[in-house]
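Have a look at the structure below before the remarks.
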Amino acid sequence: MPRTRAPKLGLTVQYASRAAGLPSRRQLRRWVAAALTQDAEVTLRIVGKPEGRRLNRDFRGKDYATNVLTFTYRGERQLAGDIVLCAPVVRQEAGAQGVSLAAHYAHLVVHGILHLQGYDHEHAREAKVMERLETEIVTRLGYPEPYAVQARNPGSLRRALPATNGPSR
């Protein structure tokens, strides 16, 4: 039986935050690879609140720092984009949900990679598909079901996740 090759991943990681508990490059690569279904060039940038707020305001018109933003570059020969994670927001949400910081980062990286590949959660049907995929990937990585955790905690990620995956460039 022919073996299918894993997608090729060009990954750049930028740490623009010195927050405690940031995931390692190795962890980030593992989480991206788990959600990736095609070759891609991805930049993951971990930022503080000022940059997170500025990006969310400038590109989504929302004047607050959000947990994850995905920027997809259209017209490239292969999948390409940036995913921005806001460290203080991720930490606050992990605490509110009672999950480990690593589990929440893993979920948000998977969420961002799915957005990069065209998944969205604007409508109920899309959200159901995307959440099912997120749950499958995150649990396969060894973390708890992200939406089951949120259902038990009123500070649900469903309210915190951006409604869109950021601008296409």
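Values in this text are rule-based calculations from the coordinates and carry no lab data. Note that the structure is a prediction, hence the values are computed from the model and not measured. Here Cβ is always computed from backbone atoms with ideal geometry, including for glycine, and neighbour counts include all displayed protein chains.
Observations, loosely collected:
- Every test in (1) closer than 15 Å to GLY48 by Cβ; (2) touching a strand residue (DSSP E or B) at 6+ places or on another chain (Cβ under 6 Å) is passed by GLY112 save one, and that test is (1).
- The number of residues in region 87-109 that are surrounded by fewer than 24 Cβ atoms within 10 Å (Cβ to Cβ) and closer than 23 Å to ASP39 by Cβ comes to 0.
- Meeting the requirement of 2 or more residues that are within 21 Å of LEU141 (Cβ to Cβ) and of a type outside the set (Asp, Glu), the helices (runs of 4 or more DSSP H) wholly within region 1-108 are 25-35, 87-97.
- Against the test of being in contact with a Lys or Arg (Cβ under 9 Å, 6 or more places away or on another chain), over 23 Å from ALA103 (Cα atoms) and surrounded by fewer than 16 Cβ atoms within 10 Å (Cβ to Cβ), the options ASP58, ASP63 yield a single qualifying residue, ASP63.
- Any hit, region 20-35, residues being among the hydroxyl-bearing types (Ser, Thr, Tyr) and touching a strand residue (DSSP E or B) at 6+ places or on another chain (Cβ under 8 Å): no
- Inspection of region 29-43 identifies at least one residue that is under 18 Å from ASP82 (Cβ atoms), basic (Lys, Arg) and surrounded by 13 or more Cβ atoms within 10 Å (Cβ to Cβ).
- Matching option when the condition is aliphatic (A, V, I, L, M), touching a residue at least 12 places away in the same chain (Cβ under 8 Å) and more than 15 Å from PRO23 (Cβ to Cβ), among LEU141, LEU101, LEU116, LEU108: LEU116
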